Amino acid sequence: MKTKTYLKILLVAILLITISIFNANIVNAVETQEQADSQNLLNNEKTNPETIKYEQTNEETKSVQKSTLEENTIQDEKATLDAGKTSEVGTTVDGGTDLNKGGTLDNAITNEGTTTNDATISGGSTTNDGTTTNTGTTTGGDSTTAGNTSGNVTAGGNTANQTTITTREIINLLPEIITIDIKEKEALIEENYEFKANKIIDEKVREIFVSNNIDFQTINIFDSTFWQDDGTINIHKAIITISDKSYNQYETKEITIKYSNTDEYNTVDEQYVQNKIKNANFNRLILVDIEENWPEWAILEQQYKDGIKNDIKDESIQFECMTGIGGFGGGDFSGYGVLITLYKNDILYATILGSAMFGNKVIISEQIEDTDVAYINYALPIVTKFFKQGNKWGDDVIVGLRKITDEEISALGFDDFSESDFVFKNDGTYYMVTKNGEDWARISFRKGNKIKVLDYITIEEDTGVSIAGTEISKDNEIYNEMEEIVKEKGYNNIYNAYELELISGNIENGVTITFDIGTRNNGKEMIVIHKKHDGNYEEFRQKVENGKIAITVTELSPFMIASTEPLKSRVLDGEPNTGVESNIVLVSIIGIMSLCGIALLKFKK
């Protein structure tokens, strides 16, 4: 009876050992697969930015069309005098000779008693078919316009001795300078979709034409504009455009505009403004949490203005922004050009073309690890709910998320809006939403006030900069160079090496980069070396706290991180690390073996 009992105990012990070994193998296999997946994600990241350039053109193009007279002759028109009377018998030439059956000239006599033969055409002569050339006017009686030449209009109404005047002559009636009685800061105030300054200028132009007896029934006057051919705006240069009624000929003239305070402009204030705005970011990204309702356009525009105000940090510098009408574009990013005018003491000192980007974001919980896999797993339920409800996708639609590549993110950008291109490059926070496996919309992930540059690397979001990066491979020349430097300093355990690149914004005042080393390495001394643009190295030494180290730099290039001690692998959130798992299995096996030994001893007895 005792023997059977011992045998049962022995069998149970063997069974427990088998189960423990089997579980350990499963844990190791899962961990190996997770490490391989993470490495594949890192290897698949590429850096190949593209720039799609956004072109902004004038809303109105001006074409100049000129009428051509073949051989200086107006075709199919008969010269007329005094209500259009001509010889009933035929056309006369050369002193009144009749060319058609010898008819008389009785019907060709004018009211003043002067025959057509003696009529002189001012500025031209009659031809054999009676067509008047050179658009001259008759003399010796009531004056009429000879012919219907494009570009000529009548000045002074229908009075005696009227003269014709071209559109070029009309536009030249305008002075070179027009003064208006408002301050420069008021120029671009909109009144019924028209700038206040343009409205005043247009009124003054009409007053000038009226004072010169220009008949508005014969010309078209277009509203003045401040927009220049390159898409910029200049409130000191107004372009005036007129045309004849047939729109065959256009004429333009650029007028200098002075305001009531223009003479107060000074170079000291100009330089002051330029210095204050040189580090401001006029190409800004505005993101909206998808768990909130899409805000009104005015709110988004105000966020853009608040960002610029925070960059300038000077209440004496005022600015206005003009943007297009924005909205939600199917869940993807949308971009708009922005014209920013900056003033000091109500005088314009700078005009800048910037851009505003708007899109959706997911707020990642602080407890989530800073990796693509962790972010995607957290965000997928939120994104699925948003796109199925907001875009009315059916239950049969499968929503997915994947890491976006540099090539795919390159579509977010504008060209040359502020001396340098505004390029959107993948900085580790942009992902692609898929609909039944097909790419649908780009989306951004944000963790608190942090932007993920790479796995385990973040920067502060409110810095207004965008940074992208890649890992440097061990066979790279710069990797070997930096490795020699850190080892000479006694740091023999390399954590990693990175190439970081500034995409947008300015870091002259410094940007803080945080590296997550893992909480299991708390207290260990680390070194970060950074190769600067001039070829020299700077170094940072600190101990790991809360799993992280942070450095502040004013430029970007290669970085290497190393430690004086061997580094332990990190622990994923909610999971025991590999070392702890192995120890538990080992302790379990030892305990079971001890139990087996006890059983065997009892069995021998």
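The values are calculated or read from the model by the stated rules, or taken from the named source; none is laboratory data. Given the structure is predicted, the values throughout are model-derived calculations rather than measurements. Virtual Cβ from ideal backbone geometry, glycine too; neighbours counted across all protein chains shown.
Summed over the range 217-231, residues that are loosely packed, with under 15 Cβ neighbours inside 10 Å and either closer than 10 Å to Ile242 by Cβ or touching a Cys at 6+ places or on another chain (Cβ under 9 Å) (or both) total 1. Of the numbered criteria (1) charged (D, E, K, R); (2) modelled with pLDDT of 95 or more; (3) in a loop (DSSP other than H, G, I, E, B), the one Glu508 fails is (2).
Starting from residues that are of a type in the set (Ser, Thr, Tyr) and closer than 23 Å to Ile467 by Cα, keep the ones in the range 509-552 and report whichever is farthest from the chain's Cα centre (by Cα). Filtering first and then ranking leaves Tyr537. Checked against the criterion of being touching a residue at least 12 places away in the same chain (Cβ under 8 Å) and in a loop (DSSP other than H, G, I, E, B), the candidates Asp229, Asp202 yield just one match: Asp229. In the range 170-183, the residues that are assigned by TED's automatic domain parsing to the domain that holds Ile255 reach residues that are small (Gly, Ala, Ser) with C-beta atoms within less than 6 angstrom, at least six apart or across chains, in these pairs: Asp181/Ser260; Lys183/Ser260. All of Glu488, Glu508, Glu501, Glu483 fail the test of being more than 27 Å from Ile404 (Cβ to Cβ) and either surrounded by 14 or more Cβ atoms within 10 Å (Cβ to Cβ) or in the same structural domain as Glu291 (by TED's automatic domain parsing) (or both), apart from Glu483. Inspection of the range 261-283 finds a residue satisfying the criterion of being in the same structural domain as Gly335 (by TED's automatic domain parsing), surrounded by 14 or more Cβ atoms within 10 Å (Cβ to Cβ) and assigned to a strand (DSSP E or B). Does Asp427 satisfy being out of contact with any strand residue (DSSP E or B) (no Cβ under 9 Å at 6 or more places or on another chain), over 20 Å from Leu353 (Cα atoms), at pLDDT below 90 and part of a loop (DSSP other than H, G, I, E, B)? Judged against the criteria, Asp427 is not a match.
Exactly one residue out of Asp421, Asp462 is modelled with pLDDT under 85 and in the same structural domain as Gly359 (by TED's automatic domain parsing): that is Asp421.
Looking at the structure I just gave you, is Glu320 over 16 Å from Leu353 (Cα atoms) and surrounded by 14 or more Cβ atoms within 10 Å (Cβ to Cβ)? Taking the combined requirement at face value, the residue does not satisfy it. Among the residues of the range 208-219, are any modelled with pLDDT of 95 or more and part of a strand (DSSP E or B)? The answer is no, given that none of the residues of the range 208-219 is modelled with pLDDT of 95 or more and part of a strand (DSSP E or B). Scanning for something hydrophobic (A, V, I, L, M, F, W, C), outside the structural domain of Ser466 (by TED's automatic domain parsing), buried (at least 16 other Cβ atoms within 10 Å of the Cβ) and part of a strand (DSSP E or B), does the range 300-314 turn up at least one residue? No, every residue in the range 300-314 fails to be hydrophobic (A, V, I, L, M, F, W, C), outside the structural domain of Ser466 (by TED's automatic domain parsing), buried (at least 16 other Cβ atoms within 10 Å of the Cβ) and part of a strand (DSSP E or B). In the set (1) among the acidic types (Asp, Glu); (2) in contact (Cβ under 8 Å) with a residue 24 or more places away in the chain; (3) touching a Lys or Arg at 6+ places or on another chain (Cβ under 8 Å), Glu191 fails one condition alone, (2). Against the conditions (1) out of contact with any helix residue (DSSP H, G or I) (no Cβ under 7 Å at 6 or more places or on another chain); (2) not in a strand (DSSP E or B), Ile235 satisfies every one except (1).
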